[in-house]
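Read-outs throughout are calculated quantities, based only on the coordinates presented, and are distinct from any laboratory measurement. None of these values were measured; they are calculated from a predicted model. Cβ placement follows ideal geometry from the backbone for every residue including glycine, while neighbour counts extend to all protein chains displayed.
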Amino acid sequence: METKEIIFNLRARDGLSQDELAEKICVTRQAVSRWENGETVPNTETLKLLSKFFDVSINTLLGSPRRLICQCCGMPLDDSSISREIDGALNEEYCKWCYSGGKFVYENLEAMIDFLVGQMSSENWPPEQVRTYFEAQLPRLGHWRQPKK
Ligand SMILES: [Zn+2]
């Protein structure tokens with residue numbers, strides 16, 4: 001789906017007219033009309049407002065161009081698993097299990113890997129293999145990447 005249909009569908013979901021939506025996020029009705037005609041796409045600041053207002057991620061508003069992955073544990077993210085800031089805004093970098101109440105749940109890479117080894121090991125995927133896998137994968141994610149020296 002494109003942004004124009006997504007905005008239209010969300011507005012319809014909430015039973016709002018173009019005027020009412022425009023008023024809620026402080027833009028003109030013409031602006032809403034242009035988004036829904038596909039003439040323009042909301043700018044970054046407006047996307048943030050729409051994200052908060054409709055409670056969907058900016059990625060969803062844009063038609064899911066990015067495959068979101070938690071930058072802490074590597075899990076694929078969707079709107080139900082994305083973390084939130086304390087004010088309720090979605091934080092599309094992390095899942096809600098890794099980042100909660102404005103804080104990271106796992107203090108360091110070892111704690112994260114220990115948790116994943118406990119969760120993911122099975123008969124088919126023994127713990128030492130799980131550990132090797134995550135020790136290779138996780139340092140590539142944004143949260144664990146070491147700043148260059
Ligand atoms: Zn995570």
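Odds and ends about this structure:
- All aspartates and glutamates inside 14 Å of residue 4 as judged from Cα atoms, apart from same-chain residues fewer than 8 positions distant: 36, 39
- Diffusion coefficient, µm² s⁻¹, Stokes-Einstein with Kirkwood Rh over alpha-carbon pairs of the chain at 25 °C and 0.890 mPa s: 141
- Local net charge near residue 4, Cβ-Cβ under 10 Å (Lys/Arg +1, Asp/Glu -1): -3
- Value of [θ]222 nm, deg cm²/dmol, for the chain, DSSP H segments ≥ 4, -39500 (n - 2.57) each, nearest 500: -12500 deg cm²/dmol
- Qualifying GluC sites (Glu not before Pro) in the stretch 1-65, DSSP loop, other Cβ atoms within 10 Å at most 12: 2, 39
- Whole-number Å³ per residue for the convex hull built on Cα positions in the stretch 3-61: 67
- All-pairs alpha carbon distance profile, the stretch 67-149, 10 Å steps from 0, percent: 18, 46, 30, 6, 0
- Length available on full extension from residue 111 to residue 62: 0.36 nm per residue minus the Cα-Cα distance, which gives 14.2 nm.
- Paramagnetic reach from residue 14 in the stretch 51-78 [backbone N under 19 Å; point 7 Å along Cα→Cβ]: 51-64
- Separation between Cα centres of the stretch 1-19 and the stretch 97-149, rounded to whole Å: 38
- Each Lys or Arg adds one and each Asp or Glu subtracts one; over the other residues with Cβ under 12 Å from the Cβ of residue 121, this totals -2.
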